[in-house]
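Inspection log for the structure reproduced underneath, given as structure tokens.
Laboratory data are not the source of any read-out in this text; all were calculated from the coordinates shown. Remember, it's a predicted structure, so these values are computed and weren't measured experimentally. As a convention, Cβ positions derive from the backbone with ideal geometry for all residues, glycine included, and neighbour counts pool all protein chains shown.
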Amino acid sequence: MKILLVQPAPFEPGRIGLENTIWFCEPVALTSLAAMVPEHEVKILDLRLEDDVELVRVLNDFEPDLVGVTSMTTDCYQAKATLQTAKDVLGDRVFTIVGGHHPTLAPEDFEDPVVDALCLGEGEDTFRELVTHLATGGDPRALGGIAGLRFRDAHGSYTTSDKRAQSRSLDSFPAPARHLIKKYVKDYFFTVAGPLASMVTSRGCSFDCNFCAIWEFYERKTRFMSAKLIVDRMEALEERMVFFLDDNFLTNRRRLEELCDEIERRGVKKWWGTQGRTDFIADHPDLMRRLRDAGLVMVLSGYESNEEDGLAALLKRNTVEKNKKAAATLMDLGIFSTGIFMVRPDYTDEDFDALYAHINELGIALPMISILTPLPGTQLYKAREHELLTKDRRFFDLLHSVLPTALPRERFYARFAEANRVTWAGWEKANLAVLKNRPRFVLEALPGIARFIARARHYRPILESAETHLRDEVGIIDPNARLAAAPRKRRLPLVEVRKEVA
Amino acid sequence: MSRESPLRAAWETVSDVAAAHRAVAGVTRALAKRAPLVLGRRPAYEPEREGRGAQGGRAFLADLRCEIERHAGVNHPLLARLRHVPFTRQDYRVFGLQHYSLVGTFTTYLEHLLVKAPSSQAKSWIAKVLVDEYGEGSEGKDHAELYREFLRSTGSPEGEEYETPLHRDVTGFVAEHLRICRDEPFLVGLGAVGPGHEWSIPRMFPPIIAGLGAAGFQPDEIRYFTLHVLQDEDHGSWLEEALATFAEAPEAQAQIRRGALLSLAARARFWSAVQDQIVRYRQPENVHLRAPARAGSSAGLLTLREWKRKVQGAGITAASHT
């Protein structure tokens, strides 16, 4: 059976170019699926790196029997357009399937004649069973026996099969089929690190932040890959720099210690980065030092807010104090800190001032300011869906406010757009610490630093212009939409909201 | 327009060859003064696809139709996006201002071909399509007029279509077709306007119509598009009859196919250009990996008014946009 797996291309509006400047990650979901069906002929097409008409060329030349596409929320339309093109070129004989977070959490967005099936939840076993079924002549409209699917049945109606259990040990999955993306690997990066390989060593998160759907996707369970297998996979990578895409890598102290032991014992020389919570960093400075010595150079964390009630409203279960301690720890160790902060739509000028002052005080190497966005599938979405100014999924990119703002939109975006410029002091402080503490990494990353500076030079004027955001919204979001005057605390997505939803 | 038996309608037209000739005689004479009759420079047949051997005219055309229906020009990702992405009237305004430059030029391609058509029968087929393009089936409104009505419904003010900078691959599309119809052998031109246009438009326009509907356009605002799906199916059939009379010899088949593929290659570039303009309207500068935009990147682009002046200065009659 011939299988084509596609990472859809971004198509604006809705993208300001973040992924082309800060973080451009390999399609791990697709290489993981491909690894499950080694007996079949599989191609992976990363349309973010291809000319638009390449999809049509590959469809014509390869003539796949199945086309699969992955989709985050903002990719929703692009994913469907990809499958539309597959059906247009190859006709109804090609089977089409979409998987990923957004199809799992908002399947209604994909119920379309060009989508034969949606893979709900973790995809590997579902995909393998589906391919086996189709390859052995199984009826493509009779998929009820395969758990984890929503599919078009013989009558053209969508039917959902049994839920797929997400309990398989991560060590039992085969290594992602990275050889299928060989032509692209030099193009993946995270800030100054690149070429960059990406790995997933755990799935799920035990926290329940109301703006995040990871814990819902993985049903509040977390599974871990063993330290030994992580290092096996690291050693097999050609790239010197690796990013662990885990939703919350810094969570299992014992596993992290074993990882350090294993890396030290085998003498693995890789630079690596990951994502983790600030409370763990703050509470485990010694372990962070060991991780640093084992090659950790970058940590991306959600600091989210400069206010205790702001963190509480997000159900973050963290404190501003821990954020401060984590930033200090990372700076002390010379670990490049990327911090995500959320601007709430109800922000006033004073709120913006306070947040930016806080970021400067923390000293974050790369502060990434986003806008609080109720993503489909989250508790926040359920609580605030009625307030949305648009359901156009391109705008759920954390860079547009899909909720009414307290400030006039033009003013709101002007304040939002100045973030980079006014947080320079903290940026400088943190980066000097990296430069001082990690000269070998900095030296090795010089080509990546040069590329990053070139990209950032072009990107900054775009990011620092309110016009960038407003032009995207023309004809879609009313530029005069304002949050009605109300006590500020009441407008927050308070903890009580969750109780109301329940 | 009735979709019943287009072939019968075509035969009825052909039976009145004299009337069709009269309808276009003026055009023929006018063009003949400008360009000498070229009945076809036929290069040696070089099969471009492995395995394509000699085959009958009908079989060749059926094969060619399949090839066209799977071509990137006909299945450009922009078309699928129009169907699925919630574009706005403003986006379609940008789309239309680029697309408009193609609208009035199709008749010019046909007029060039009419002069070169090697037989009365071929002339009559082309003439029938021309008469339709001049306004048959659209209450006397020619296609450019219908399209301007669509543009006004997008919010585009009167005259904006002449003053909007056109992407190079938009003007390139028209220039390529003028070149094909004027300088290439007759059958290459027929391949470009027949299979290249009339077979592809009924496949390309439905997603556009779906997108326009989703953006809130009313049926009377998008008549240009709906009319074309119906009309071009008829035109495609008529031209297929004309092609069938020529497509027996391998050399002729190669020329027809070459014309169709040249047209579709230009079409794929055209759709990419339109998409580029839609993106750049909202993001004049961006840093996307595949097609980064830079400030001032539209410098040097010609408006439709400027481009027409330039083309006419070169002795080519292009377009009846006004």
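Points to keep in mind about this one:
- If both residues of a DSSP beta bridge must be in the protein assembly as shown, then about 25% of such bridges are antiparallel.
- Virtual spin-label span in nm between residue B:237 and residue A:257, 7 Å along Cα→Cβ: 8.1 nm
- Going from the residue with the fewest nearby Cβ atoms within 10 Å to the one with the most, A:231, B:174 rank A:231, B:174.
- Extension gain, residue A:206 to residue A:235, is 7.6 nm, computed as 0.36 nm per intervening residue step minus the present C-alpha separation.
- Helix content alone sets the calculated 222 nm mean residue ellipticity of chain A: runs of n ≥ 4 DSSP H residues at -39500 (n - 2.57) each, divided across all residues, give -11500 deg cm²/dmol.
- Looking at the range A:295-344, the trypsin sites (Lys or Arg not before Pro) that sit in a DSSP loop and have at most 14 other Cβ atoms within 10 Å of their own Cβ are A:317.
- Simple spin-label estimate for residue A:139 and residue A:451 gives 5.0 nm between the two label positions (7 Å along the Cα-to-Cβ direction from each Cα).
- Neighbour counting of Cβ atoms within 10 Å sorts the residues B:248, A:304, fewest neighbours leading, into B:248, A:304.
- Cα gyration tensor category, rounded, prolate or oblate, for the protein assembly as shown with a/c compared to 1.5: prolate
- Model label points for residue B:69 and residue B:120, set 7 angstrom from Cα along the Cα-to-Cβ axis, are 3.6 nm apart.
- Averaged over A:47-55, number of beta-carbon atoms from partner chains that fall within 10 Å: 5
- The range B:112-196: GluC sites (Glu not before Pro) in DSSP coil with no more than 12 other Cβ atoms inside 10 Å: B:139, B:158
- Shielding by partners for peptide A:82-93, expressed as the average number of C-beta atoms from other protein chains within 10 Å of each residue's C-beta, is 4.
- Across peptide B:83-93, the mean count of Cβ atoms from other chains lying within 10 Å of each residue's own Cβ comes to 5.
- Estimated FRET transfer efficiency when R0 is 51 angstrom, pair residue A:108-residue B:249 (beta carbons, to 0.05): 0.40
- Prolate/oblate/rounded label for the range B:55-313 (Cα gyration tensor, a/c 1.5): prolate
- Ordered by the count of other Cβ atoms within 10 Å of each Cβ, fewest first, B:221, A:63, A:238 give A:238, A:63, B:221.
- Sorting the segments A:166-178, A:66-78 by their residues' average number of neighbouring beta-carbon atoms within 10 angstrom, most packed first, yields A:66-78, A:166-178.
- Beta bridges per DSSP with both ends in the range A:187-339, % antiparallel, nearest 5: 15 percent
- Note on residue A:87: lysines with a C-alpha under 29 Å away, same-chain residues under 8 apart excluded, are A:2, A:43, A:163, A:182, A:183, A:391.
- With R₀ fixed at 35 Å, the C-beta to C-beta distance from residue B:58 to residue B:309 puts the FRET efficiency at about 0.20.
- Cross-link pairs exceeding 29 Å in C-alpha to C-alpha distance, out of A:186/A:228; A:186/A:269; A:80/A:316; A:316/A:429, comprise A:80/A:316.
- The phi-based Karplus calculation (6.51 cos²θ - 1.76 cosθ + 1.60; θ = phi - 60°) puts the 3J(HN,Hα) values of the range A:196-203 at 10, 8, 10, 9, 10, 10, 8, 10 Hz, whole numbers, x for Gly and Pro.
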